[in-house]
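Asks: Here it is, the structure in full.
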Amino acid sequence: MKSGIVLAGGKSQRFGKNKALVDLHGKPLIKWVIEALDCVVDEVLLSLSYASDLLEFREIVDEKVIIVKDIKPNLGPISGLLSSLKKVKGEYSAVAPCDSPFIRPELYTILFEKAKGYDGAVPFLNDYWEPLHAVYKRDTFLISLEKVLSLGKKRPVDTYQYLDIQKIRQKEVKVADPNLFTFFNINTKNDLAKAEKIIESEIQNTNPKR
């Protein structure tokens with residue numbers, strides 16, 4: 001069984017309001033991400049902050065989506081990961097942020113394959129890890145997250161020194177996502193406008209004028 005975790009516990013300070021609920025081309029941003037992950041996993045968990053309005057999200061997402069609130073508030077993504085990993089059923093879990101509407105399911109298929117026998121598979125682009133677009137082994141990642149928290153650290157990448165992670169380089173990523181659209185995230189209203197243009201462009205390319 002494979003699980004998927006969508007992280008929607010951020011404060012959206014740069015955007016000005018909860019961006020997970022913002023409309024993108026007629027659909028809430030959070031649904032773009034959930035639907036992409038749903039193509040490659042058996043269950044999807046939606047991670048919300050302690051202060052989030054659960055009913056607000058429950059009205060939007062499919063009833064099969066499991067909603068989990070942070071156990072430990074104000075710790076950033078690591079809090080959502082901790083809370084969700086304690087609820088997942090799959091041995092491996094895909095992780096995605098709520099603000100990346102163009103996730104390519106094919107990339108996560110590759111990440112699941114690469115993660116087998118390891119503690120995870122994480123893209124490494126331009127000398128940086130992409131820890132929130134990755135696949136992790138539930139048990140070992142959970143233990144490592146708790147360890148780094150006990151040491152006063154809060155970044156998912158801080159766990160990697162305790163894990164056997166498969167580094168997925170850009171060349172491999174581009175096999176599934178040539179334009180690296182998976183990593184396009186929306187932080188501002190300008191980003192939202194860019195996303196609309198990307199969608200319009202893809203529509204035009206799919207349905208060219210005759």
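The values are calculated or read from the model by the stated rules, or taken from the named source; none is laboratory data. Computed from a predicted structure; not experimentally measured. FYI the Cβ positions are ideal-geometry reconstructions off the backbone, even for glycines, and counts take in every protein chain you see.
Asks: Can you name every residue in the stretch 124-155 that is among the acidic types (Asp, Glu) and under 16 Å from Ser84 (Cα atoms)?
Replies: So the first thing to find is which residues in the stretch 124-155 are among the acidic types (Asp, Glu), and the list is 127, 130, 139, 146.
Once the filter is applied, which keeps residues that are among the acidic types (Asp, Glu) and under 16 Å from Ser84 (Cα atoms), the stretch 124-155 yields Asp139, Glu146.
Asks: Further question on the same structure: I'd like to verify a number: residues in the stretch 127-160 that are closer than 24 Å to Asn185 by Cα, in a strand (DSSP E or B) and not small (Gly, Ala, Ser), how many?
Replies: Looking only at that region, the number is 4.
Asks: Taking the conditions exactly as written (crowded, with 22+ Cβ neighbours inside 10 Å and either modelled with pLDDT under 90 or more than 25 Å from Ala176 (Cβ to Cβ) (or both)), does Ser12 satisfy them or not? Talk me through it step by step, then tell me what you get.
Replies: Working: crowded, with 22+ Cβ neighbours inside 10 Å: no; either modelled with pLDDT under 90 or more than 25 Å from Ala176 (Cβ to Cβ) (or both): yes.
In short, no.
Asks: Can you tell me how many residues in the stretch 50-69 are more than 16 Å from Ile5 (Cβ to Cβ), touching a helix residue (DSSP H, G or I) at 6+ places or on another chain (Cβ under 8 Å) and in a loop (DSSP other than H, G, I, E, B)? Break it down into steps so the answer makes sense when it comes.
Replies: Here is the first cut: in the stretch 50-69, the residues more than 16 Å from Ile5 (Cβ to Cβ) are 50-51, 53-56, 58-60, 63.
Filter again for touching a helix residue (DSSP H, G or I) at 6+ places or on another chain (Cβ under 8 Å), leaving 56, 60.
From what's left, in a loop (DSSP other than H, G, I, E, B): 60.
Residues flagged as more than 16 Å from Ile5 (Cβ to Cβ), touching a helix residue (DSSP H, G or I) at 6+ places or on another chain (Cβ under 8 Å) and in a loop (DSSP other than H, G, I, E, B) within the stretch 50-69 amount to 1.
Asks: Hey, any hits in the stretch 191-208 for a residue that's in contact (Cβ under 8 Å) with a residue 12 or more places away in the chain, outside any helix (DSSP H, G or I) and more than 21 Å from Ala8 (Cβ to Cβ)?
Replies: The answer is no; no qualifying residue exists.
Asks: Provide a single number: the residues in the stretch 70-114 that are without any contact (Cβ under 8 Å) to a residue 24 or more places away in the chain and in a helix (DSSP H, G or I).
Replies: 1
Asks: For the stretch 35-49, enumerate the residues that are without any contact (Cβ under 8 Å) to a residue 40 or more places away in the chain and either in contact with a strand residue (DSSP E or B) (Cβ under 7 Å, 6 or more places away or on another chain) or of a type in the set (Phe, Trp, Tyr) (or both). Even if it seems obvious, please write down each step before you answer.
Replies: Our first condition is that a residue be without any contact (Cβ under 8 Å) to a residue 40 or more places away in the chain; within the stretch 35-49, this holds for 35, 38.
Asp38 - this is the single residue of the stretch 35-49 that is without any contact (Cβ under 8 Å) to a residue 40 or more places away in the chain and either in contact with a strand residue (DSSP E or B) (Cβ under 7 Å, 6 or more places away or on another chain) or of a type in the set (Phe, Trp, Tyr) (or both).
Asks: Name the pairs: first residue in the stretch 149-163 and among the charged types (D, E, K, R), second residue surrounded by 14 or more Cβ atoms within 10 Å (Cβ to Cβ) and part of a helix (DSSP H, G or I), Cβ to Cβ under 6 Å, at least 6 apart or on different chains?
Replies: Partner pairs satisfying both residue conditions: Lys154/Ile78; Asp158/Val148.
Asks: Going through Ser47, Ser3, Ser79 one at a time, which residue ends up being over 26 Å from Ala195 (Cβ atoms), in contact with a helix residue (DSSP H, G or I) (Cβ under 8 Å, 6 or more places away or on another chain) and crowded, with 18+ Cβ neighbours inside 10 Å? Lay out the reasoning, then the answer.
Replies: Numbers: Ser47 fails: over 26 Å from Ala195 (Cβ atoms); Ser79 fails: in contact with a helix residue (DSSP H, G or I) (Cβ under 8 Å, 6 or more places away or on another chain).
After ruling out the rest, the residue left standing is Ser3.
Asks: Right, something else. On the given criteria, is Ser83 among the hydroxyl-bearing types (Ser, Thr, Tyr) and at pLDDT below 90? Write out each step before concluding.
Replies: Numbers: among the hydroxyl-bearing types (Ser, Thr, Tyr): yes; at pLDDT below 90: no.
Against the criterion (among the hydroxyl-bearing types (Ser, Thr, Tyr) and at pLDDT below 90), Ser83 does not qualify.
Asks: A follow-up question, please. Name the residue that is nearest to Tyr160 (Cα to Cα), counting only residues in the stretch 94-150 that are hydroxyl-bearing (Ser, Thr, Tyr) and crowded, with 19+ Cβ neighbours inside 10 Å. Steps first, please.
Replies: From the stretch 94-150, those hydroxyl-bearing (Ser, Thr, Tyr) are 100, 108-109, 118, 128, 136, 140, 144, 150; that's our starting set.
Next cut, crowded, with 19+ Cβ neighbours inside 10 Å only: 100, 108, 136, 144.
Working: Ser100: 23, Tyr108: 19, Tyr136: 11, Ser144: 8 Å.
Across the stretch 94-150, the extreme among qualifying residues is Ser144.
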